[in-house]
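Taking it in order: structure first as structure tokens, then the write-up.
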Amino acid sequence: MRIARQLKKDALTNYKTTLGGVVAFVAVLSKQLETLFDEDAATNPDYILIIAAASVLMAALFARDADKSTEDSR
């Protein structure tokens, strides 16, 4: 519960970083989903790339914007 509350506060307070992470994740995921559903058995999504994009998303959700102080993020 505490992590969820902190994540919600971080994501809303530092919306620019959160938005950047979400956009990057959606860009990577959309291309990988395209390869998954293209009806060509020879193409497969790059699952390592999806995991890396998810990691970047998590980092962006917990990161702090450059114009926010530590006190603002608490």
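Each reported figure results from applying straightforward, stated rules to the coordinates on display, with no laboratory input. If you're wondering where the values come from, they're calculated on a predicted model, not measured in any experiment. Here Cβ is always computed from backbone atoms with ideal geometry, including for glycine, and neighbour counts include all displayed protein chains.
With kT/(6 pi eta Rh) evaluated at 4 °C and eta = 1.567 mPa s, and Rh the Kirkwood radius from Cα pairs, the chain diffuses with a coefficient of 95 µm²/s according to Stokes-Einstein. When you restrict to C-alpha pairs under 8 Å that are six or more residues apart and normalise by the size of region 2-73, the relative contact order lands at 50 percent. The count of lysine pairs in region 2-73 with alpha-carbon distances below 22 Å, taking only pairs 8 or more places apart or on different chains, stands at 4. What angle do you read, to the nearest 10 degrees and between 0 and 90, between the alpha-carbon axis of helix 47-62 and the longest principal axis of the chain? In the chain, helix 47-62 runs at an angle near 10 degrees to the longest axis. In degrees, nearest 10, range 0 to 90: what is the angle between the Cα axis of helix 15-36 and the longest Cα principal axis of the chain? On a 0 to 90 degree scale, this one is about 10.
Loop-located chymotrypsin sites (Phe, Trp or Tyr not before Pro) across region 1-69 with a Cβ neighbour count of 14 or fewer within 10 Å are 37, with loop assigned by DSSP.
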